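Laboratory data are not the source of any read-out in this text; all were calculated from the coordinates shown. Please read these numbers as outputs of a predicted model, since none were measured by experiment. Reconstructed Cβ throughout: ideal geometry from the backbone, glycine too, with neighbour counts over all protein chains shown.
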Amino acid sequence: MYPLVRVNKKHLLENVRTVTELCAARNMAVTGVTKVFGGDPEIAAVYVAGGITRLGDSRVENLKLLKGLAAEKWLIRPPMMSEVDDLVTYADASLNSELATIQAINGAAIAKGKVHKVILMVDLGDIREGFIDHDELVGAALETEKMKGVHLYGIGVNLTCFSFIQSDSEKMTALMELSKTIGETIGRELEVVSGGNSATLDLMMKGGISEGVNNLRLGESLLFGKERANYTFLPGTHKDVFTLECEIVELKEKPSVPWGTVGVDSYGKSPAFTDRGTRLKVICALGKQDFDVETSTPVDKDIIILGASSDHLMLDVTDSNKSYKVGDTVELQLGYFSTMRAFTSRYVRKVYV
Ligand SMILES: *Cc1c(COP(=O)(O)O)cnc(C)c1O
């Protein structure tokens, strides 16, 4: 049955080993981010087999799936007030930016006889999560330190996710300085200084991260071997961990330009077409709810992706050396968002090799 996504666990393991060794050489521990594949425990187990001891996901529901794995679980999105009970049950730690939420976590943890670890987030320019006001941050650290149901574990920053502000040495030094200030205020050193995601790897490899930043939360680089500052592939990694296979349900010669009165798509835009004459076109049985056109590449390099609707994928196979027929399958190499969709779609079967 198609569509299916094939997960190459051997290649993933090699990626994990390569990236974690790069990090270990610079005293950097890795939190393996599992949100890209919906917290699938069989894939997360490969992270753990590769030596990763901390797993992070943005959804408590995904962390719940990982409960059988021997690793520290982090919720890497600020928790919802409404989920603090599940949070303290399924996560050992979380990234936080609101004192009111930390107080709610404290209450939930005390009620369950647990201690939940808190990492305070600092916003250093990306304008996503984190404290902007440094006095407020230090104040929140002091308050957190007093609570019995939570343990102030460290601080962290996230960059290159919303405004695409890159990490640089100044920002990493600023993070380290804040960690020192908090350490002096509470009278002990923080255990975790989390310097960012896959977009910080490039800076790390250039030696641009201050001593003391000791953790990165990595998803994309482990899964696709890509650092995200310049989008280069890291030596010794594979980009073919996730391959999607879909089935051809129609194959016909069709014109490249549509005919009739043109309307607009659901985003209010009229599509544009180039006249390349009559072409051999294929429809595959999957669509935007199962994958993402922009972050998918046909394995057969001579195939052109024309586009997709919710449940039809249109390809131009005219230039291919293969002679496709109805019932054959086509393979796509998946990137970040495409993988995320494939794992969210209940129509895509998962196969592990
Ligand atoms: C998604 C996410 C990550 C992982 O990002 P990658 O670019 O996949 O390495 C790290 N930290 C936070 C807070 C995230 O939301």
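Listing for the model above:
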quantity: Unpaired by the 4.7 Å Cβ criterion, cysteines found in the chain; calculated: Cys23, Cys161
quantity: Between segment 253-276 and segment 164-236, the alpha-carbon center distance in angstrom; calculated: 45 Å
quantity: Within the chain, helix-based [θ] at 222 nm, where runs of 4 or more DSSP H residues each add -39,500 (n - 2.57), nearest 500; calculated: -8500 deg cm²/dmol
quantity: Loop-exposed chymotrypsin sites (Phe, Trp or Tyr not before Pro) per DSSP, neighbour cap 13 Cβ within 10 angstrom, longest uninterrupted part of the chain; calculated: 1-161
quantity: Rounded FRET efficiency, nearest 0.05, which uses the C-beta distance separating Lys67 from Asp328 and R0 of 30 Å; calculated: 0.15
quantity: Length added when fully stretched, Glu294-Arg346, from 0.36 nm per residue minus Cα-Cα; calculated: 16.7 nm
quantity: Separation between Cα centres of segment 279-353 and segment 1-73, rounded to whole Å; calculated: 25 Å
quantity: Modelled FRET efficiency - R0 25 Å, Lys9 with Glu189, Cβ distances, 0.05 increments; calculated: 0.10
quantity: Stretchable slack from Lys114 to Lys269, in nm (0.36 nm times residue separation minus alpha-carbon distance); calculated: 50.5 nm
quantity: Whichever aspartates and glutamates have a C-alpha closer than 15 Å to that of Lys281, once near sequence neighbours (fewer than 8 apart) are set aside; calculated: Glu247, Glu250, Glu253, Asp300, Asp302, Asp316, Asp319, Asp328
quantity: Cα-only Debye scattering, segment 77-141: base-10 log of I(q)/I(0) at q = 0.15 Å⁻¹; calculated: -0.44
quantity: Cα gyration tensor of the chain - equivalent ellipsoid semi-axes, whole Å, descending; calculated: 43, 20, 20
quantity: Length-normalised contact order for the chain - Cα pairs under 8 Å, 6+ apart - percent; calculated: 19 percent
